[in-house]
Structure formats: C-alpha cells, structure tokens
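Okay, so here's the structure we're looking at.
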Amino acid sequence: MRTNLNLLWAGLLPALLFTGCGGKKEEEKKDEESVSVMGAASAMKEMAAQAEEMQKKGPVSTVDFRSLKELLPADADGLTRKEATGEKNGAAGFSISTATGKYGNTDDTETIEMSIVDGGGSAMMMGLAAWSMMEVDKETENGYEKTSTIGDNKSYEKYDNKEKDGEIAMLINKRFLVTVKGRGVSMDKMKAALNDVDLDKLGDLK
C-alpha cells in the first residue's frame, strides 16, 4: 500500500494546488482558503480509499500505446495533425500508455495538443486526474475553471479569455484520460477536437 500512496501523493499534490493557489490574491478571505483546504482533504480521503481498493485488485495491464495512437484524429476540428507519438512507461508493477498528437494551422497561431492516457486505473492515474475527485467552479474577469460531468464521465476545463489559452480533460471509465490543450483557439474548438476522438471505442479498449 505504501508504494501506491507514494505514487498518489506524487501525482496529487501538484493537482491539488490549483484549488488553493490558482491565481489567488493574498488579500482573499481566509474562509475561501479554508474551503479549498477542506476540498483537498476530502479528495485525498476518497483517493486513498480508491488506491486501497486498487491495491487489492492488483495492477491492470494497459493497452498498447499504438491502439491509443489510432484514436488520435487526423485533424482537430480543422487543424492539421503535424505529429503523433506514443510510449509506455512503468514502475512498481504499474504502467501508463500514452499517445500524443500535435495540431495547428499553417502559421501555428492556432495550436492544439491532444493526449490519450491509459493508466490501468492505477493510483498514478488518479493523481493525473485529481480534479475528478473534486468540485471546482471559479470565474474571474479573464476566464474560468470548473469540473463537470458529461454523460457518465467527469470532466475538467480551464480557459483564459484574454490569452485564448486553456484545456479540457475527460476521465473515461476511471481509467482513460483524454486531454486537449489549446493556444489561440476557443474553448468551443477544443471541445469539438475532444469530440473528434471516438470515446466509446476508447472506453471499450482492454
């Protein structure tokens, strides 16, 4: 169990910081900070419970990253795919398969990077998608950040209206993580790019 918890902390701590440090000003009220701490504590408790359950089940073999690469769309809502890569890494009996696609227009003023990750439902995967254990809903004069549910899947999105920079991610079957990061594009375009992935086929992979 100790190995799983170490992996959990390694992946979770950076992700938890966005609830307490993401753009906060020093003069913000202490009660808002307390809510963030409580949310992080609740997430840690739930993730620890899931890590223990996964420990009992044992590691699950991840799919070949080549199968994930096949699900990368040829274009991301009209932006041409310029690169597609894949790899598989492992440690302590767990492995992660990743496929990444990079997309853009001719002068790269609009770019999208898409990744599809299979963590086999390991504690490391929960660290990458720590937001799936939280409820986040923030809005500023420049943008927003929130978690939501699309169908049966938890999602996370963050966008800066001024910089036209953001990301959207979705956790499929508590195992596959699809993330779309964009620069110079709207959130609607990033969502359209996410929908270019066959999520049903992804969820059926074993």
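Computed from the coordinates by the stated procedures, all read-outs in this text should not be read as laboratory data. Computed from a predicted structure; not experimentally measured. Note: ideal-geometry Cβ built from the backbone for every residue, glycine included; neighbour counts use all protein chains shown.
Side notes on the structure shown:
- Sites listed here are chymotrypsin sites (Phe, Trp or Tyr not before Pro) in the stretch 154-206 whose DSSP assignment is loop and whose Cβ has at most 15 other Cβ atoms within 10 Å, and the list is empty.
- Selection of trypsin sites (Lys or Arg not before Pro), the stretch 80-186, meeting DSSP coil and at most 14 other Cβ within 10 Å: 162
- Of the cross-linked pairs 164/191; 138/164; 181/206; 158/189, those separated by over 21 Å at the C-alpha level are 181/206.
- Point-to-point label distance, residue 152-residue 200, nm (Cα→Cβ direction, 7 Å offset): 1.3
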